[in-house]
1. Which condition number does Arg89 fail, the rest of (1) modelled with pLDDT of 95 or more; (2) exposed (fewer than 13 other Cβ atoms within 10 Å of the Cβ); (3) over 12 Å from the mean Cα position of the chain (by Cα) being met?
2. Filtering the stretch 1-55 down to residues that are in a strand (DSSP E or B) and in contact (Cβ under 8 Å) with a residue 40 or more places away in the chain, which residue is surrounded by the fewest Cβ atoms within 10 Å (Cβ to Cβ)?
3. Can you tell me which residue within the stretch 75-85, out of those that are touching a strand residue (DSSP E or B) at 6+ places or on another chain (Cβ under 6 Å) and in contact (Cβ under 8 Å) with a residue 40 or more places away in the chain, is nearest to Ile37 (Cα to Cα)?
4. Restricting to the stretch 58-83, name every residue that is crowded, with 16+ Cβ neighbours inside 10 Å, out of contact with any helix residue (DSSP H, G or I) (no Cβ under 9 Å at 6 or more places or on another chain) and more than 15 Å from Ser9 (Cα to Cα).
5. Which residues, counting only those in the stretch 56-80, are of a type outside the set (Asp, Glu) and assigned to a loop (DSSP other than H, G, I, E, B)?
Amino acid sequence: MNAGLWTLSFSKRATKDLRRLNTVDANRVVAFLEDKIAANPRRFGKALSGPLAKLWRYRVGDYRVIARIEDDRLVVLVVAIGHRREVYR
């Protein structure tokens, strides 16, 4: 298809986090990542600061997706997925 699309990859923690979500929320997160992030990972996200400075966050309802953008490989590595009050800890 489109040669400019980014590849999504999930860490072990992110996979575990995704499995813990209920089906509706998990499907919403995956659809968001596939539809929005795979096309342009910087358009809908926000760069984090401080100790998480190399990571990006994406808002999906009450949940946050924490990811690292690897420009050299065109990969978005999802590091963690969690509720907004807990994911940054």
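1. Answer for Arg89: the failing condition is (1).
2. In the first step, residues of the stretch 1-55 are kept if they are in a strand (DSSP E or B); the result is 7-10, 46-47.
In the following step, the residues that additionally are in contact (Cβ under 8 Å) with a residue 40 or more places away in the chain were identified as 7-10.
Working: Thr7: 11, Leu8: 17, Ser9: 15, Phe10: 19.
Looking at residues that are in a strand (DSSP E or B) and in contact (Cβ under 8 Å) with a residue 40 or more places away in the chain, I get Thr7.
3. Val76
4. Hit for the stretch 58-83 is Arg64, nothing else.
5. Here is the first cut: in the stretch 56-80, the residues of a type outside the set (Asp, Glu) are 56-61, 63-69, 73-80.
Matches in the stretch 56-80: Gly61, Arg73, Leu74.
The values are calculated or read from the model by the stated rules, or taken from the named source; none is laboratory data. Remember, it's a predicted structure, so these values are computed and weren't measured experimentally. Ideal geometry is used to build each Cβ from the backbone, glycine not excepted, and the neighbour counts take in all protein chains shown.
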